[in-house]
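The values are calculated or read from the model by the stated rules, or taken from the named source; none is laboratory data. Predicted model, so just to flag it, every value in this text is computed and none were measured. In this analysis, Cβ positions are derived from the backbone assuming ideal geometry, glycine residues included, and neighbour counts consider all displayed protein chains. Side chains are part of the model used for accessible areas, which takes the heavy atoms of the whole protein and leaves out ligands, DNA and RNA. Shrake-Rupley method; radii C 1.70, N 1.55, O 1.52, S 1.80 Å.
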Amino acid sequence: MTNKLDPWSSSEINDYSKLFEEFGISPFDNVLPEIPSPHMYMRRRVIFGHRDYEQIAEAIRTGAPFSVMDGFMPSGKVHLGHKMVMDQIIWHQQRGASAFVGIADREAFSVRGFSWQKCREIGVEEYILSLIALGFKPDGLIYFQSGCGSVKDLAFELGVKINFSELSAIYGFSGETNLSHMISVATQAADILQPQLEEFGGPKPVVVPVGPDQDPHLRLTRGLAGKMSMFRVEERENANGGKYLSVRGKGALKEALQELKKRIPGKVKLYEEHLDIIQTSDYPFLERLVSQINQPEKKRYFTTELEEVSKFANEIKPYEFSGYEEYFVFRKVWKLTLKILDEIVAEVAAEFEGYAFIPPASTYHRFMSGLQGGKMSSSVPDSYIALTDNPKEGAKKVKRAKTGGCVTLEEQKKLGGKPDECSVFELLLFHLAENDDELLEIREECVCGTRMCGSCKQLAAEKMYEFLKDHQEKRELAREHLDEYNIIYKK
Ligand code: TRP
Ligand code: SF4
């Protein structure tokens, strides 16, 4: 069965591994070792896939600037599924990301037909209060799409590079689709690219943690990042197999290319629509290149990086790599050259009103199933737990949930339970059991029939009660401190 990813109808994913082949999502296992103290969702394989997360892992390790961005359509109650996204936003924020959260009132207005007033109420009462209660720090930006001028302007500009054929290929839009719905799609792409605007420090890696249903938006936005950029830096090979860098500027102004040539202090050949860098990447060249960066913070960052690399290889001879060590040095120097060049290219693009977007990275997490089995559905309150559910009621829902246990106790003792088909186990795995060893023990006891569902339900219900009670207290605290947060409302 093939997967269809559709952001507007709650899709059920039949086979997560298919997403790897069909949509080019990479398995998360590949980057896991590169992440210092990974989040519980990462360790437990709740996050199963990613695009380009390597650059985020690197930024976390090195302290380079990066952002986390996410959006919530104000459509109904905030529930445990939203908590998963919020937890990830906060985790990245704690690791140095500048954080952006958009309340997608344009989407709710155009797709659900909600009034602006309703969007605002749901946005604040449901999503923003819980986001803050879960630990979002006040230095992040929260905005309603309709109140954010830069997102609206960017969405309009992105519209030049989006045509109807592409929207119908990605989303299945037809002649019946209303224009505002299409605008809301461009707006979401603008949400995702906004952290890279000059006013927020320019191009940088951005991660968008989502469920796989939101991937169409990421595919669109990643394509737009390339199409909107004034230049493209490429690695090329000459006739002798030697590597060199080339900056392609199709459609870029002549003046912009000339300015770029001026800013690269080495051997450069300028053509109609591109320039080739024939200069060897040695230390003196890189030093000169770094000095061409205008932004002081970035200049400082790359100066340190360069010192690191030169310490590592007190003599840099990038083009003579015979042994492993030299190859290693070569890789480091090459990577650094690329990054510094990207920086200068971005500055020149900005001087000529152009962009230099890095395609956004993303992570994909598994969906929780409904408490009664099957899908979670907002029209069936017993299928999910809202973060605003009365704690006693929440605990009751856990006790009524479907387990992977057998019909009789005797049977269960003999055959064991099935934790992978158990929504109580899922609650522990996704949210309630903080300790990996504890979780593993529960799993083992379940499988070999020494654990009965009653004790799991009791444990999970108690933890749920405590979590909801604590969370709701924190929500009330958040309400009192709302004005200390950076929130842009619709005017
Ligand atoms: N479409 C998302 C939803 O249905 C909301 C959203 C808006 C979003 N902008 C975003 C998600 C940017 C991720 C990134 O909930
Ligand atoms: Fe689920 Fe626990 Fe029952 Fe196993 S014992 S099926 S984990 S509730």
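A few remarks follow.
- With helices as the sole contributors, the chain gives -14000 deg cm²/dmol at 222 nm; each DSSP H run of n ≥ 4 counts as -39500 (n - 2.57), and the sum is divided by every residue.
- Peptide packing for 379-389, 215-225, 408-418 was compared via the average number of neighbouring C-beta atoms within 10 Å per residue; ordered from the highest value, the list is 215-225, 379-389, 408-418.
- Spin-label proximity, SER37 to the range 78-108 - amide N less than 20 Å from point 7 Å beyond Cα toward beta carbon: 86-99
- Karplus-derived HN-Hα couplings along the range 195-204 (A = 6.51, B = -1.76, C = 1.60, θ = phi - 60°), whole Hz, x at Gly and Pro: x, 9, 5, 3, 5, 10, x, x, x, 6
- Solvent-accessible area assigned to carbon and sulfur over the range 216-287 amounts to 47 percent, based on a 1.4 Å probe.
- Within the shell of other residues whose beta carbon sits under 15 angstrom from the beta carbon of ASP87, the net charge comes to +4, with Lys and Arg scored +1 and Asp and Glu -1.
- The chain: angle of helix 53-62 to the longest principal axis, Cα-based, in degrees nearest 10: 80 degrees
- Distance (nanometres) between label positions extended 7 Å along Cα→Cβ at GLN295 and GLU476: 4.4 nm
- 16 Å tail of the calculated P(r), the range 379-450, as % of Cα pairs: 54 percent
- Atom-type composition of the exposed protein surface of the range 51-92 places 49 percent of the accessible area on carbon and sulfur (1.4 angstrom probe).
- Annotation: peptides 286-292, 124-130, 164-170, ranked by per-residue average of other Cβ atoms within 10 Å with the highest first, follow the order 124-130, 286-292, 164-170.
- Neighbour net charge for LEU141 - beta-carbon separation under 12 angstrom, K R +1, D E -1: -3
- Long-range amide H partners of TYR244 with built H, under 5 Å: ARG236, GLU237, ASN238
- Between the range 70-113 and the range 202-254, the alpha-carbon center distance in angstrom: 26 Å
- For the range 442-491, the spread of Cα positions along each principal axis, largest first, Å: 59, 18, 15
- Alpha-carbon Debye profile of the chain, log10 I(q)/I(0) at 0.06, 0.07, 0.08, 0.10 Å⁻¹: -0.33, -0.44, -0.57, -0.85
- Kirkwood Rh in Å, taken over the range 11-91 so that all alpha-carbon pairs contribute: 14.4 Å
- P(r) histogram, all alpha-carbon pairs of the range 365-491 included - 5 Å bins from 0, percent: 2, 11, 18, 19, 17, 13, 9, 5, 3, 2, 1, 1, 0
- In Hz, Karplus ³J(HN,Hα) per residue of the range 238-246 (6.51, -1.76, 1.60; θ = phi - 60°; x = Gly, Pro): 8, 4, 8, x, x, 8, 8, 9, 10
- Value of D in µm² per second that Stokes-Einstein yields for the range 150-232, Kirkwood Rh from Cα pairs, at 20 °C (1.002 mPa s): 161 µm²/s
- Atom-type composition of the exposed protein surface of the range 326-380 places 55 percent of the accessible area on carbon and sulfur (1.4 angstrom probe).
- Residues of the chain: accessible area per residue with a 1.4 Å probe, Å²: 47 Å²
- Taking N as its residue count, the alpha carbon Rg of the range 244-288 over 2.2 N^0.38 Å: 1.14
- Charge sum, other residues only, whose C-beta stays under 12 Å from LYS402's C-beta, Lys/Arg counted +1 and Asp/Glu -1: +2
- Length gained when the stretch THR450-GLU166 is fully extended (0.36 nm per residue, less Cα-Cα span): 96.8 nm
- In terms of packing, defined here as the mean over residues of other Cβ atoms within 10 angstrom, the peptides 440-446, 346-352, 239-245 line up highest first as 346-352, 440-446, 239-245.
- Ranked from largest to smallest solvent-accessible area, with a 1.4 Å probe on the protein heavy atoms, ARG331, ARG451 come out as ARG331, ARG451.
- When the C-alpha to C-alpha distance is required to be over 29 Å, the pairs from LYS227/LYS375; LYS83/LYS118; LYS83/LYS227 that qualify are LYS227/LYS375; LYS83/LYS227.
- Phi angles of the range 411-418 translate, via the Karplus equation with coefficients 6.51, -1.76, 1.60 and θ = phi - 60°, into HN-Hα couplings of 4, 5, 5, 6, 9, x, x, 10 Hz per residue; Gly and Pro are given as x.
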